[in-house]
Amino acid sequence: MARDERSLDAVPQPVFAALIFSLALQIAWQASEPRPVARAEALLAPPPAAILRVASLGEPVPLAQLTTLYLQSFDNQPGISIPFRELDYPLVIRWLATILDVDPVGQYPLMMAAELYAQVPDPARARMMFDFVYQQFLRDPDRRWRWLAHAAIVARHRLKDPELALHYAREIARRAPHAPGWARQMHILLLADMGEVESAKILLGALLSSGEVRDEHEKHFLLGRLEAMENAGKSSPPSKN
Amino acid sequence: MRRRQIAILARYTVLEAARTRLFWLFVAALALIFALTYFLQQLAITESVRLQIAFSAAATRLAAVFVLGLHVLGSVVREFDDKGLELTLSFDLRRSDYILGRLLGFVLVALPIALIATLPQFLLAPLPAALQWGLSLALELAIVAALSLFCIVTFNQLIPAAAFVSGFYVLARALWAIRLISEHPIIDENSPARQVMAWLVDALALVLPALDRFAQSAWLADGAGGWGTVSANAVQAAVYVALLGAAAMFDFYRRNL
């Protein structure tokens with residue numbers, strides 16, 4: 001907006017000096033303050049989802065995303081990383097659950113749970129995160145299956161817990177009809193891997209005969225797997241990892 | 001003579017607030033907040049007292065800032081519109097003294113508001129925590145009063161000034177979290193865009209007061225913030241009120257009446 005202003009000469013020197021001096025003082029004061037550093041203990045309990053919804057003023061998605069970024073700043077800090085083991089995992093899970101309550105369509109909190117927090121070298125905490133992913137999967141299987149599939153793979157190869165992996169894979173097959181074939185067939189491959197070749201063959205055969213698999217390439221691949229299982233069952237013991 | 005003029009201006013500023021029933025308006029807002037807080041407390045399954053303290057303190061703080069900020073803007077706009085400013089300046093009065101008198105008056109108006117806001121907290125929270133919270137709120141309100149005065153002197157109109165005050169306040173409260181987020185991206189830490197954003201946020205942090213460190217409801221709910229924090233708030237408030245006062249004087253001297 002155009003303003004009819006007097007020249008700078010109209011401003012007395014002491015006012016100029018006071019402005020410059022107080023600005024310098026402000027900058028010096030703020031510069032002397034420590035930079036913000038995330039501390040594990042600084043992560044407080046999340047507000048209830050209902051209050052977050054009210055605070056979002058009808059825009060829950062951006063608020064959920066901002067909250068996710070805020071939570072993320074507590075755990076991902078290159079150079080000064082807070083070890084995940086220092087984080088209060090039940091509290092982190094409460095934050096993730098609250099964010100998902102506010103924005104149920106969002107996948108970010110599940111990604112953080114399955115791929116970031118579950119990386120912790122503490123199996124108990126990783127299982128805690130996988131259980132959170134599983135509980136959230138049960139609420140919306142068709143949208144959240146891929147994080148449980150990821151959990152199944154990690155459970156199998158890193159936690160060395162094929163039973164847990166099989167449980168998750170079976171749940172995907174049972175509850176997520178719109179998940180792609182590879183995810184719904186994962187339990188068969190896991191069974192084969194565990195040496196349960198007969199069970200795997202029965203399931204694979206049932207799957208092929210059900211007509212659910214329509215893609216010729218996929219059929220060909222599954223038949224190949226079936227044949228490989230039979231050969232592997234004859235020639236080698238089940239893998240141990 | 002000059003001190004007397006400043007004191008008279010400050011006195012009339014406080015009188016105006018009292019006669020426009022500003023303090024009663026704030027008491028009514030507090031009653032509304034406590035009714036809402038009581039309702040929420042009844043809903044809570046656990047930590048009901050903690051929820052009551054935290055919610056009432058946070059809402060009271062926002063209400064105090066809102067009421068005081070609007071009062072300052074409305075008071076000065078009314079003076080501009082009624083030509084009271086021209087009348088005042090037609091006396092032997094420096095422009096800087098006018099700003100000082102009004103600023104002192106508005107800071108004095110902030111004190112009873114902070115006191116009224118703190119009284120209910122004495123019932124809910126430990127005495128030291130309530131005292132520290134109340135003092136810190138008074139300091140924050142002093143900054144808000146100075147900010148509102150600076151904005152209305154600079155913008156002359158209510159809407160742009162109110163928008164600036166609101167934006168400034170939200171940014172100053174959120175800047176710590178924004179800095180935290182900008183400093184720790186999950187991917188591509190060295191991208192130019194991220195670096196520019198981080199510098200921009202750091203520059204903002206140098207010139208904005210860290211209002212997130214004032215009057216936190218966690219002090220009341222989880223334990224006192226400490227007198228050291230309140231002292232740091234006092235230094236920050238003194239520096240920033242001086243800066244805003246000087247900026248308001250600067251703009252006011254350049255103004256053509």
Average beta carbon contacts from partner chains per residue of B:240-247, 10 Å cutoff: 6
Taking 7 Å along the Cα-to-C-beta vector as the label spot, tell me the A:Ser7-B:Tyr12 distance in nanometres, rounded to one decimal. 3.2
I'd like to know which of A:Pro90, B:Ala17, A:Leu190 lies farthest towards the positive end of the charge dipole of the protein assembly as shown, counting +1 on Cβ of Lys and Arg and -1 on Cβ of Asp and Glu. B:Ala17
For the protein assembly as shown, what is the calculated [θ] at 222 nm in deg cm²/dmol (nearest 500), taking -39500 (n - 2.57) for each run of four or more DSSP H residues and dividing by its residue count? -24500 deg cm²/dmol
Given H placed 1.01 Å from N in the peptide plane, which residues other than close sequence neighbours of B:Arg255 have an amide H under 5 Å from its amide H? A:Arg6
Cα centre as origin, Lys/Arg/Asp/Glu Cβ charges: segment B:2-254 dipole, Debye: 720
Could you compute the net charge surrounding A:Arg158? Neighbours are other residues with a C-beta less than 13 Å from the C-beta of A:Arg158; K and R count +1, D and E count -1. +1
Which one, B:Ser90, B:Ser231, B:Ser136, has the greatest fluctuation when you compute a Gaussian network model over chain B with C-alpha springs under 10 angstrom? B:Ser90
How large is the charge dipole for the protein assembly as shown, taken about the Cα centre, if only the Cβ atoms of Lys, Arg (+1) and Asp, Glu (-1) carry charge, to the nearest 20 debye? 880
Quote the relative contact order of chain B in percent (integer), defining contacts as alpha-carbon pairs under 8 Å separated by 6+ residues. 27
Assign unit charges at the C-beta atoms only (+1 for Lys and Arg, -1 for Asp and Glu), then state the dipole size of segment B:115-257 relative to its Cα centre in Debye, rounded to the nearest 20. 380
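Each value in this text was obtained by applying a stated rule to the coordinates, not by laboratory testing. Everything quoted here is computed from the prediction, not taken from an experiment. Neighbour counts are summed over all protein chains in view; Cβ atoms, including those assigned to glycine, are modelled from backbone coordinates with ideal geometry.
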